[in-house]
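The values are calculated or read from the model by the stated rules, or taken from the named source; none is laboratory data. Only a predicted model underlies this, so the values are computations on that prediction, with no experimental measurement involved. Quick reminder, even Gly has a Cβ in these numbers, built from the backbone with ideal geometry, and neighbours come from all protein chains shown.
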Amino acid sequence: MRIGIMGYGRFGVALGSLIREAGHGFRAWDPVAPIPAEHQAGSLQGLVAEHDTLVLAVPVPLLGSALGSIRPLLRPDHLVFDVGSVKVGPCGLLETHLGAAIPHAGTHPLFGPVSLARAERPLRVVLCASPHHPDAARSIETLFCSLGCEVLRQSPEDHDRVMATTHALTFFIAKGLLAVGAGAELPFTPPSFHAIARTLESVREDAGHLFAALQNENPFASGAREGLLEALTAIHSSLAEALKTGGGEQLSIPGLGLATRSPALQEARDHIDALDQELVNLLARRTELVLRAGRAKAELHLPIHDPERESAQLQARRAWAAEAGLDAQGVEEVFRSVLRASRVAQGK
C-alpha cells in the first residue's frame, strides 16, 4: 500500500511511527503541523494523487470539510478510512461523500500516542465496514494486522454505545474528579485511589483535548452521563437517609467473593495472580521497547549487545532492590534472565 495521512497532529504522528516501524512507507499533509521532510507531501493534491490508501487523521468536527476537499481528487481505486473516536457521525459522512463510488470504512484505533510510547499491548482497532465495500474493510483489516493490531468489527451504533459507557464516561468522571481537586499533588493516597490516579494521568496525557468531541459527537454520551448522574444522585440520597436511620448495609460495595475456608489466603492468591499478570504484560511491553531500541541501533550501525550498558542496568536494579528492602542478589538474577530474554528477542 502507498499510504497517505491527511492530518499530522498527535495521533497522525503516532500512527506514522507505527506504520514506519512495520516497514511501510507513508507521506503526510497538514496545513499547520510540521512534518519531517522525508514524509512530507508537497500538497493535498499530491498526497491524494500519489497514494492509493488515505487515512483521515483530522479532528472529528473537521471530517466533513476534509472529505469535501478531497472528494473531487479521489479515484475509484482509492481506499479511504478515518480514525475518529466516534463512529456514527463519521461513518455517515463517509457514506454521504463517498457512497458506493469510493471504497471506504470507519475505524477507531483504541490507543494513542502515550500508550504507543509506553509499548502498551494489545493494540486494538474497531473497524466499522461500509455495506457497499466489504473488500475495503478486508484491506484495512489487513493493514492494521500488519501493524501488530487486533481488529474488532462493530457497527457504528454498537461502537458508540460501548464508547459512551466506557471512553466518554471515563473522561466525564475524570473531568469531575479533577474539578474537585482529586488530581492535585497530594501528600498521601490510599491504594484504592492509585488506579484512579493512573486513569487521570492517562486522560490528561493521552487525549485530554478530545473531551468535548467525545461528549458532543457521540450520540449516546449524553444518555450515559444522565444515567450516571441519576445513579449517583440516588446513592447520595440513600446515604443521607442511612445517616438518619442508622441503616445503610445495602449500600456496601459487593465483596470479592473470597473462599469461606480462608478468605485471607484466597485474597492474597488472587492479588498474586493479578500482579503476575501485570508482570507478564510489563515484560511484553519491555520486549517491544527492546525491539524498538534494536531498530534504532541498526540505523546507527551500533552492535545490539552492549555489555557496559547491561552492567550499569544490573547495578541500578540492585540499588533499587536494596532501597525496597529486597534481596539485591535475587533481584539481579531476575534481571539477568530478563536481559537474556531480551537478547533472544533481538536474535542475539
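Could you list all residues from the stretch 40-59 that are within 27 Å of residue 211 (Cβ to Cβ) and surrounded by fewer than 22 Cβ atoms within 10 Å (Cβ to Cβ)?
Matches in the stretch 40-59: 59 only.
For the stretch 145-158, enumerate the residues that are assigned to a helix (DSSP H, G or I) and either among the polar types (S, T, N, Q) or crowded, with 21+ Cβ neighbours inside 10 Å (or both).
Selection gives 146, 156.
Being surrounded by 14 or more Cβ atoms within 10 Å (Cβ to Cβ) and assigned to a loop (DSSP other than H, G, I, E, B) is the filter here, so list the residues in the stretch 23-36 that pass it.
Listed by number, the residues that qualify are 24, 30, 35.
Of the numbered conditions (1) free of Cβ contacts under 8 Å to residues at least 12 places away in the same chain; (2) surrounded by 19 or more Cβ atoms within 10 Å (Cβ to Cβ), residue 138 satisfies every one except a single condition; which is it?
Checking residue 138 against (1) free of Cβ contacts under 8 Å to residues at least 12 places away in the same chain; (2) surrounded by 19 or more Cβ atoms within 10 Å (Cβ to Cβ), the one that fails is (2).
Going through the stretch 318-348 one residue at a time, which ones are at negative phi, at pLDDT 85 or above and not hydrophobic (A, V, I, L, M, F, W, C)?
318, 323, 327, 329, 330, 332, 333, 336, 337, 340, 342, listed by residue number.
How about the stretch 1-19: which of its residues are touching a residue at least 60 places away in the same chain (Cβ under 8 Å), within 16 Å of residue 32 (Cβ to Cβ) and of a type outside the set (A, V, I, L, M)?
10, 11
Which of the helices (runs of 4 or more DSSP H) contained wholly in the stretch 170-247 include at least 2 residues that are exposed (fewer than 12 other Cβ atoms within 10 Å of the Cβ) and within 24 Å of the chain's Cα centre (by Cα)?
191-206
For the stretch 266-313, name all the residues that are more than 21 Å from residue 116 (Cα to Cα) and either touching a residue at least 24 places away in the same chain (Cβ under 8 Å) or in contact with a Gly (Cβ under 8 Å, 6 or more places away or on another chain) (or both).
Answer for the stretch 266-313, where residues must be more than 21 Å from residue 116 (Cα to Cα) and either touching a residue at least 24 places away in the same chain (Cβ under 8 Å) or in contact with a Gly (Cβ under 8 Å, 6 or more places away or on another chain) (or both): 304, 305, 310, 313.
Return the residues of the stretch 320-348 that are small (Gly, Ala, Ser), in contact with a helix residue (DSSP H, G or I) (Cβ under 8 Å, 6 or more places away or on another chain) and over 19 Å from residue 288 (Cβ atoms); say none if nothing qualifies.
Once the filter is applied, which keeps residues that are small (Gly, Ala, Ser), in contact with a helix residue (DSSP H, G or I) (Cβ under 8 Å, 6 or more places away or on another chain) and over 19 Å from residue 288 (Cβ atoms), the stretch 320-348 yields 321, 322, 328, 330.
Checking residue 161 against (1) of a type outside the set (Asp, Glu); (2) in a helix (DSSP H, G or I); (3) at pLDDT below 95, which test does it fail?
Against the list (1) of a type outside the set (Asp, Glu); (2) in a helix (DSSP H, G or I); (3) at pLDDT below 95, residue 161 comes up short only on (3).
Answer yes or no: is there a residue in the stretch 91-107 that is more than 22 Å from the chain's Cα centre (by Cα), modelled with pLDDT under 95 and not acidic (Asp, Glu).
The answer is no; no qualifying residue exists.
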